[in-house]
Number of protein chains: 2
Amino acid sequence: MNIKEASEKTGVSSAAIRYYEKESLIPEIDRTEVGNRDIDDRIIRRITFVTQMRAVGMSIDSLRRYIQLFDAQEDNTKEQKAILQEQLAVMEEKRDDLQSAIDHLNYKLNHFYDHMETTEEELRELERQHAEKKANQ
Amino acid sequence: MNIKEASEKTGVSSAAIRYYEKESLIPEIDRTEVGNRDIDDRIIRRITFVTQMRAVGMSIDSLRRYIQLFDAQEDNTKEQKAILQEQLAVMEEKRDDLQSAIDHLNYKLNHFYDHMETTEEELRELERQHAEKKANQ
DNA sequence: ATAGACCTTAATGTGTACTTGAAGGCAAGC
DNA sequence: GCTTGCCTTCAAGTACACATTAAGGTCTAT
């Protein structure tokens, strides 16, 4: 498939696909006789993977390093493991932060019907909940 | 407390605190007689809140709009609720994406101990198929 | 009273992640 | 043969979120 179809399939712009290839976030793409990119499902999956990781906040740079390890033939397992673990920790923290922000919004939403409590009060309530949660761990 | 102490307390640079104030992500900060910012715990909490939301990927612009609703005195409850709900949905999706990325990494990590037969193998299989296909052309 | 450490505003610079523009090639349809 | 519509590379432009610099003020200690 050509780059436009790939773009439509992935939701990533043609320019961004070229950019990802240039930045080695995806493998080098095969070309047709006239030099046009010929994109297959393997590339599509790679693009999707990049999109997913970008969506959860991984930078192009981290992602490139990660992918290089991922694709590496040499057995540098120990280093790979360390990097994955590091990345995992970052993402777990992010998830937890996100969850408390969600809790915050849910609280706000649930109290809309009752009355408009002040921000101070809400923040105090959230802090109380947070302390409680933390104490329960 | 002055801006430097606030910066140390929150981990947000002085320049960023000034920027947040200018962009209305935090309330206007009181000044001392000579015009220096005098930051109290309420502001610290607001800065921390901004940091948390930024960390989970909310843009300055979305955050400003959210905070304006949050702080609003006027009762436009219905619209506020709709917007908060929308925001909530976005964040929940993000949390789920993050979770599946975490699962992915965890899976990978757990299989490092055994041998290298995780997602890599799947990708290599795809690559093998790809090479085969190419050879057949 | 001069240095050093803090503060102020306003303007400009920086890194990231693309997007857009320029200049041109190839193939199909009118 | 000219337009349309896809493609190419390379360079330059853009948006966001600050960081940095300039030019100056205030406070404290030596």
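Numbers below:
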quantity: Residue list for segment B:21-41, restricted to those being more than 12 Å from DNA strand C (Cβ to nearest atom) and surrounded by 13 or more Cβ atoms within 10 Å (Cβ to Cβ); calculated: B:GLU23, B:SER24, B:LEU25, B:ILE26, B:PRO27
quantity: Selection within segment A:1-37 - within 9 Å of DNA strand D (Cβ to nearest atom), among the small types (Gly, Ala, Ser) and part of a helix (DSSP H, G or I); calculated: A:ALA6, A:SER7, A:SER14, A:ALA15
quantity: Residues being of a type outside the set (Asp, Glu) and in contact (Cβ under 8 Å) with a residue 12 or more places away in the chain - total across segment A:15-36; calculated: 9
quantity: Those residues of segment A:66-89 which are surrounded by 14 or more Cβ atoms within 10 Å (Cβ to Cβ), more than 7 Å from chain B (Cβ to nearest Cβ) and charged (D, E, K, R), in sequence order; calculated: A:ASP71
quantity: Single unsatisfied condition, B:GLN80 versus (1) modelled with pLDDT under 80; (2) assigned by TED's automatic domain parsing to the domain that holds B:ARG45; calculated: (2)
quantity: A:GLU92 vs. criteria more than 15 Å from DNA strand D (Cβ to nearest atom), within 20 Å of B:GLU93 (Cα to Cα), open to solvent by 50 Å² or more (accessible area, probe 1.4 Å) and in contact with a Leu (Cβ under 9 Å, 6 or more places away or on another chain); calculated: yes
quantity: Residue check, B:MET53 within 9 Å of DNA strand D (Cβ to nearest atom), closer than 19 Å to A:ALA101 by Cβ and either surrounded by 15 or more Cβ atoms within 10 Å (Cβ to Cβ) or within 11 Å of chain A (Cβ to nearest Cβ) (or both); calculated: no
quantity: Enumeration of residues in segment A:2-14 that are more than 11 Å from DNA strand C (Cβ to nearest atom) and either closer than 21 Å to A:LEU63 by Cβ or without any contact (Cβ under 8 Å) to a residue 24 or more places away in the chain (or both); calculated: A:ILE3, A:LYS4, A:ALA6, A:GLU8, A:LYS9, A:THR10
quantity: Subset of segment A:42-66 that is among the aliphatic types (A, V, I, L, M) and in a helix (DSSP H, G or I) - its residue that is nearest to DNA strand C (Cβ to nearest atom); calculated: A:ILE60
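The values are calculated or read from the model by the stated rules, or taken from the named source; none is laboratory data. Values in this document were obtained by computation on a predicted structure and should not be read as measured data. Virtual Cβ from ideal backbone geometry, glycine too; neighbours counted across all protein chains shown. Please note that ligands, DNA and RNA were not included when accessible areas were found on the heavy atoms of the full protein model with its side chains. Shrake-Rupley method; radii C 1.70, N 1.55, O 1.52, S 1.80 Å.
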